[in-house]
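Trainee: There's a structure below that I have some questions on.
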């Protein structure tokens, strides 16, 4: 019998893809209310000029109307993928030891979007909005992709 030196090592981290575009909500764990609403978009004027952008739904101050505001600092708008070594530096800490899995992360100078793929395939993929201070990552905010029912409730006027 020949020794086998080829091993099938599964790739855990799923990349951030066009399927991840959409509306995300941050939910208050105590009340179940929606705290913040975000939108991840892949857009641009031409195919060569397309990038990822992250928006937050905010009150525009005009008769209580809401509008999308790009999350950026000093004109640094597009989100760029981070190399594996940098992702590891941010998440190789005791507070991120469980559950086990892999992160994909993209950011601009201040804001980031993260995707967590758990090792156990029966567990759900999770998402986060992340603030940065220089090269340091602040605590990630867990966000969930909005389903059709959540989107309908967002569109209803407040009574």
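Trainee: Does a label point 7 Å from the Cα of residue 49, set along Cα-to-beta-carbon, have any residues of segment 59-103 with amide nitrogen under 17 Å, and which are they?
Mentor: The answer is 76-79, whose backbone nitrogens lie closer than 17 Å to the label point.
Trainee: I would also like to ask the following. Can you compute the FRET efficiency between residue 59 and residue 133 using 1/(1 + (r/R0)^6), with r the Cβ-Cβ distance and R0 = 35 Å? Round to the nearest 0.05.
Mentor: 0.90
Trainee: Now a separate question. Taking every alpha carbon pair in segment 1-148, what does the distance histogram look like in 5 angstrom bins from 0, in percent?
Mentor: Bin by bin from 0 Å, the calculated values are 2, 8, 16, 20, 19, 15, 8, 5, 3, 2, 1, 1, 0, 0, 0, 0.
Trainee: Sticking with this structure for a sec: Per-residue ellipticity at 222 nm for the chain, helices alone: DSSP H runs ≥ 4 residues times -39500 (n - 2.57), over residue total, nearest 500 deg cm²/dmol? Numbers along the way, then the final one.
Mentor: Values: 2 runs with 16 residues, N = 159.
Calculated mean residue ellipticity at 222 nm is -2500 deg cm²/dmol.
Trainee: Here's a follow-up. Fewest to most neighbouring Cβ within 10 Å: what's the order for 84, 17? The partial results should precede the final answer.
Mentor: Working: 84 13, 17 10.
The most exposed by this proxy come first: 17, 84.
Trainee: Something else: Write down the Å³ per residue value for the convex hull defined by the alpha carbon atoms of segment 67-131.
Mentor: 103
Trainee: Same structure, new question: If packing is taken as the average number of other Cβ atoms within 10 Å across a peptide's residues, how do 37-44, 58-65 rank, most packed first?
Mentor: Averaged packing, sorted descending, gives the order 37-44, 58-65.
Values in this text are rule-based calculations from the coordinates and carry no lab data. The structure presented is a predicted model; accordingly, all values stated were derived computationally and were not measured. Positions of Cβ are generated from backbone atoms using ideal geometry, with glycine treated the same way; all protein chains shown enter the neighbour counts.
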